[in-house]
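Below you'll find the structure, written out as structure tokens, and then a few comments.
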Amino acid sequence: MRRTLHLVFIAIIAIVAPAAEAAPHDVHVAAQPELHASAKTLFHYGRDYVVSKSCIDTSGFTPIADPNFNLVVYLNFDGEKLTAGGNDSRTNQTTLITVPELDYPALSWDKFGGRDTAEKKILDELKILFGEYALEFVTTRPASGDYTMVMVGGVGTNVKKGSPGTVGIAPLDCKNNNKNDLAVVFGDKVSSAQKVAFVIAHELGHTLGLVHVNDNRAIMNPGLTSETCCFVEASLTEPGQCSRGSTQDAKKILTENVGTGQGDQIPPLVWFVRPGDDALLPSSFSIEVGAADDLRVARVDLYVDGEKKLELDRPPYVLSLRDMADGEHTLRAVAWDFKPNQVSAEIKVTVDKRCPADGTCYLGAGGVGASCENGADCTSGACASKDGSGVCVQKCQAAGDTCPDGTSCLETAVGTLACVAGEGYNLSTSGGGCTVGASDGGTPLAAALATLLLALVVIGRRRRRRSASR
């Protein structure tokens, strides 16, 4: 008995197909316009990132019994010869094409800013969307074993589709019985790397057993809207599909059909840019915090004396304070990613409304990126120097650790590791003195004198601070 292959697609252009191009009966057609971003509902994370705040999911999950199991998803950006018949990624066979053979073209990367940048954005977005499930994304065809393949590229010529607005099509595998499904995404018709990732997620969702739903936030909505963000529970566009009744809990279905994995185990980084620890400040001042993550920071919460004052979904992470009472205050920043991991940083400052007039205000140790002479000048406790100048840097433990933008975890000239912007840095850590290389034109004696002078300046500032605060 011949089985009917159900096809589904996601469309982002609201164009009504003429009668001569009416969709075949086994293709579900639904088109919605691509909406423009609304500042009230969207939060930007870089040039291409637009994600709804409602995507931040703080619910946990339980890993499957074998955490090493992963369903491999091969993202084929390089083009492939597809043959008609069957549905097998390993042999490039598919019923999605309308010709016996099709040279499916590679993705054109130029409009996305180049392959290296765009591919990373696509993979990072998919890791966020599927991070809690037992999926592994690869960009090289596996040598053996089962894998789902998503062809990404081209404009869909000679591929079955429901309307001119179609940007992807996939087999609907209600129970994810076939681990070698093949789906296609018309990447050249999508306007950004993040939207390419959303279309991949939608079509992959069908191969994993998900059908169309009505919620505009849902990845499985048949239209890509400005609110698209995540997998949610919602009503079906066609009740009864896959024996689901009228609603679909996408996360429950993915957990049943795929299993849960280890998720994102890497927490973000957070640090105070200003003020620094032990600062002496006037009654009105601003807090600025930096944050970074291996995928993307979801939000940063800012606290003053244990009370949350502000929740920020995008940089700059700045809080302005006015009329603060004299005395010691505790400032705390908490950074979250999307899975959700969190990390915090805390400093103490003293407010004295007389310090501007007395000339004793002191910003304390500098944050990452501030100029420094040794580690004592930096909130992080690490000062990297090169060509006669120093900058506060983040410490790191091993090559590949997550570092603030523009830096990477490298070995410095003194054999230690830090998040620096290139090779050749010397590193001074708090309590260790200042290491000066020969290229700086200094001598060991000059370095010692400079360190002593800086220590005296810092001590003098702190003494003035204590005097002014009495």
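The values are calculated or read from the model by the stated rules, or taken from the named source; none is laboratory data. What you are looking at is a predicted structure, and each value in this text was computed from that prediction instead of being measured. Cβ atoms come from the backbone with ideal geometry, glycine included; neighbour counts cover every protein chain shown. Areas reflect the complete protein model, heavy atoms only, side chains present, ligands, DNA and RNA absent. Shrake-Rupley method; radii C 1.70, N 1.55, O 1.52, S 1.80 Å.
The solvent-accessible area of His329, taken with every protein chain present and a 1.4 Å probe, is close to 20 Å². A DSSP coil position with no more than 10 other Cβ atoms inside 10 Å describes none of the trypsin sites (Lys or Arg not before Pro) in the range 203-270.
Karplus-based coupling profile of the range 164-174, in residue order and whole Hz: x, x, 5, 10, x, 8, 8, x, 8, 10, 4, with θ = phi - 60° in 6.51 cos²θ - 1.76 cosθ + 1.60 and x standing for Gly or Pro.
Here is the size of the range 96-189 from its Cα atoms: Rg then Dmax, 14.3, 38 Å.
Scalar couplings 3J(HN,Hα) for the range 72-80, obtained by applying the Karplus form with A = 6.51, B = -1.76, C = 1.60 to θ = phi - 60°, are 7, 10, 8, 8, 9, 9, 9, x, 6 Hz; x denotes Gly and Pro. Place a point 7 Å from Cα of Ser108 in the direction of its Cβ. Which residues in the range 140-163 have their backbone N less than 19 Å from it? Taking a point 7 Å out along Cα→Cβ of Ser108, the residues of the range 140-163 whose backbone N falls under 19 Å are 151-159. In the context of the full protein assembly, Trp109 retains an accessible surface of approximately 30 Å², using a probe radius of 1.4 Å and ignoring ligands and nucleic acids.
Distant-in-sequence amide contacts of Gln394, defined by a placed amide H-H separation under 5 Å and a gap of 5 or more residues or a different chain, comprise Cys419.
Near the amide H of Ala413, within less than 5 Å, lie the amide hydrogens of Gly424, Tyr425, Asn426, Leu427, all on another chain or at least 5 residues away, with H placed in the peptide plane. Going by the alpha-carbon gyration tensor, a ≥ b ≥ c the square roots of its eigenvalues, is the range 216-273 rounded (a/c under 1.5) or, if a/c is not under 1.5, prolate (a/b greater than b/c) versus oblate? Oblate is the answer for the range 216-273, as a/c is 1.5 or above yet b/c matches or exceeds a/b. When the solvent-accessible area of the range 315-361 is split by element, carbon and sulfur atoms take up 47 percent of it, the probe being 1.4 Å. On the range 247-287, 53 percent of the accessible area sits on carbon and sulfur atoms, based on a 1.4 Å probe. Computed over protein heavy atoms with a 1.4 angstrom probe, the accessible surface ordering of Phe198, Phe137, largest first, is Phe137, Phe198. Modelled label positions at Leu310 and Asn158, each set 7 Å beyond Cα in the direction of Cβ, lie 5.7 nm from each other.
Couplings for the range 226-235, taken from phi via the Karplus curve 6.51 cos²θ - 1.76 cosθ + 1.60 with θ = phi - 60°, read 5, 9, 3, 8, 6, 8, 9, 8, 7, 7 Hz in order; Gly and Pro are left as x. Estimated at the nearest 10 Å², the accessible area of Glu227 is 60 Å² with a 1.4 Å probe. What are the lysines whose alpha-carbon lies under 22 Å from the alpha-carbon of Lys81, with same-chain residues fewer than 8 places away excluded? Excluding near neighbours in sequence, the set is Lys160, Lys161, Lys179, Lys189.
Database remark: amide H of Ile287 closer than 5 angstrom to the amide H of Leu319, Ser320, Leu321 (H placed geometrically; neighbours at sequence offset of 5 or more, or on other chains; Pro and chain starts carry no H).
Pull out a ≥ b ≥ c, the square roots of the eigenvalues of the alpha-carbon gyration tensor of the range 201-243, then state rounded if a/c is under 1.5, prolate if not and a/b is larger than b/c, and oblate in the remaining case. Since a/c reaches 1.5 but b/c is at least a/b, the shape of the range 201-243 is classed as oblate. Only Cα sites of the range 219-358 enter the Debye sum here, all with the same form factor; the resulting log10 I(q)/I(0) across q = 0.09, 0.12, 0.18, 0.20 1/Å is -0.45, -0.65, -1.00, -1.13, listed in q order. Peptides 379-385, 185-191 ranked from most to least packed give 379-385, 185-191, packing being the mean of other C-beta atoms within 10 angstrom over each peptide's residues.
I'd like the projected area of the range 168-212, averaged over all directions, using the convex hull of its alpha carbons. Report it in nm² with one decimal.
3.0 nm²
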